[in-house]
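The values are calculated or read from the model by the stated rules, or taken from the named source; none is laboratory data. Treat the numbers as computed from the prediction; the structure is a model and nothing was measured. Cβ placement follows ideal geometry from the backbone for every residue including glycine, while neighbour counts extend to all protein chains displayed. Protein only, heavy atoms only, side chains kept; ligands, DNA and RNA dropped before computing areas. Shrake-Rupley method; radii C 1.70, N 1.55, O 1.52, S 1.80 Å.
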Amino acid sequence: MGLLSSLQQDVGRCLFLPAHGRGAALPNSFRRLLQRRAGYWDLPELPHIGGPLESEGAVAEAQQQAAEQVGAQRAWFGVNGATGLLQAALLAITRPGQAVLMPRNAHRSLLQACLLGELTPVLFDLPFLNDRGQAAPLDAEWLINVLGALPLPTKAIAAAVLVHPTYQGYAGDLKPLIHLLHNEGWPVLVDEAHGSHFLTDVDPLLPRSALHSGADLVVHSLQKSAAGLAQTAVLWQQGDRVDPTRVERSIGWLQTTSPSALLLASCVSALNEWQQPQGRRRLKCRLDDARHLTKRLRRSGLPLLSNQDPLRLVLHTGAIGISGLDADAWWMPRGLIAELPEPATVTFCLGLAKHRGLEQRLRKAWTSLRSAHPDRGAQAAFEPAPLPLVGMPDRSLAMAWRAEGETVPLDAAEGRIAAELVCPYPPGIPLLVPGERLDRQRLEWLRRQRILWGDQLPERIRVVRASEPAHEPVAGHG
């Protein structure tokens, strides 16, 4: 089947991203634009339109208005997703040779930015949920321990990154974390790709947005947690720790010089939706509907895990010994498509559309899954990676990735230096980073992860050739 015909196919129940539910929740203003003659809206950066980096034009006006509405100093729309803006933001607050403190659940895009900017990631571990194999939200006590275990002087670190919420909707209180990081003198970038709706303050039960918690730079994906098209995002900046000129220079390096007018218009309409009374009421209704749905499904026996974002339903298939990957493979051809299957869970993204009849659909899907996979016991507890609380790659990401490499079976990789990311996608969280050494414990752990993830993880891995120099300095080491 060709791409054009595939896009017109009914794939079944949409519990995946983008959050507009295949157009069902697109803002009315954007719907009217799409109803114009096909391609009528496909315009270049004409003077009266401009672009994200222009000082005049409709885009510049919309960005300034958006910033004022949420209390930020600056806003930049992105047409390369949260990926492009996260990378631009990180490069704007660092210089080559510096280090960045970031959690192990940072998205691959941030590690790729470290590679591009010749930065050293100082990676810290997170609390671990053994029953599902996922990271728990970070709290102040944990972060204090991280700061006390840093393997290099704090002056060698230029900035810090936080992730809030996670793909599965786990979130904590960012304000004390940002305060601790600011006390170290670091600007804080928060990947809040999945939490743009936190910014609205329409629901007191939602976590507080990173922007309202004092972060210097915050990235929102408008397709993951607002009613924007795929590839739409926004970067917010506030305070005096970050030079907006450096941000603009970084965006200019990484984003197209011909941004899509349609995607920029989608950014505007998605953000305006949160400011209109009708749009805010719709969001509150979707949140209330999601909470009621969760309660009813739990009463029906579905093992839904607790999280902080009601728009993410995390079904704990591992509770009855069924892998989330197997569950997803069973449901997809039967018209139920989730966003994120993992070894013990399946995450459904409710998004912003109504889902009539979803309770009955999920109950039937759960019953059929259990009938098709009988005699399953409870899944064994998961194990965290055998890593220190805080650590760095043995070699710089840039050098490891650019070095002469070879691909070897996992069994032959002991003692070698990784030359690539090992990363199931989604969620895009690396299990191995270029420059890390594969000692016996780590290698055995990766083998077990491959059993859990199946074909999403490779049997072979690219490593640095043994003839390459054994070491070169990383930040703070010479």
Looking for something open to solvent by 20 Å² or more (accessible area, probe 1.4 Å), under 20 Å from the mean Cα position of the chain (by Cα) and at pLDDT 95 or above - is there at least one such residue anywhere in segment 151-159?
no
Within the bounds of segment 29-50, is there any residue that is touching a residue at least 40 places away in the same chain (Cβ under 8 Å), in contact with a Gly (Cβ under 6 Å, 6 or more places away or on another chain) and either of a type outside the set (Val, Ile, Thr) or within 30 Å of PRO427 (Cβ to Cβ) (or both)?
yes
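To keep it simple, each residue is scored yes or no on (1) touching a Cys at 6+ places or on another chain (Cβ under 6 Å); (2) acidic (Asp, Glu); (3) modelled with pLDDT under 95; (4) closer than 24 Å to VAL219 by Cβ.
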| position | (1), (2), (3), (4) |
| --- | --- |
| LEU33 | no, no, no, no |
| GLY50 | no, no, no, yes |
| GLN64 | no, no, no, yes |
| GLU68 | no, yes, no, yes |
| GLY71 | no, no, no, yes |
Of the numbered conditions (1) hydrophobic (A, V, I, L, M, F, W, C); (2) touching a helix residue (DSSP H, G or I) at 6+ places or on another chain (Cβ under 8 Å); (3) over 28 Å from GLY252 (Cβ atoms), LEU110 fails exactly one; give the number of that condition.
(3)
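Sort through PHE124, PHE198 and tell me the only one that's open to solvent by less than 30 Å² (accessible area, probe 1.4 Å), aromatic (Phe, Trp, Tyr) and closer than 30 Å to LEU34 by Cα.
PHE198
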Answer residue from segment 366-388, given it is assigned to a helix (DSSP H, G or I) and open to solvent by 80 Å² or more (accessible area, probe 1.4 Å) and is farthest from THR294 (Cα to Cα) among those:
SER371
Test ALA413 against the stated conditions and say whether it is crowded, with 17+ Cβ neighbours inside 10 Å and in contact with a Lys or Arg (Cβ under 8 Å, 6 or more places away or on another chain).
no
Residue within segment 272-283 that is aromatic (Phe, Trp, Tyr) and under 16 Å from ARG370 (Cα atoms) present:
no
Residue selected from segment 160-181 under the condition without any contact (Cβ under 8 Å) to a residue 60 or more places away in the chain, open to solvent by 30 Å² or more (accessible area, probe 1.4 Å) and outside any loop (DSSP other than H, G, I, E, B), by the criterion nearest to THR83 (Cα to Cα)
LYS175
Starting from residues that are of a type in the set (A, V, I, L, M, F, W, C) and either out of contact with any Leu (no Cβ under 9 Å at 6 or more places or on another chain) or in a strand (DSSP E or B) (or both), keep the ones in segment 428-450 and report whichever is least open to solvent (accessible area, probe 1.4 Å).
LEU432
Flagged in segment 326-365 as in contact (Cβ under 8 Å) with a residue 40 or more places away in the chain, open to solvent by less than 30 Å² (accessible area, probe 1.4 Å), more than 30 Å from ARG281 (Cβ to Cβ) and in a helix (DSSP H, G or I), in numbering order, are ALA327
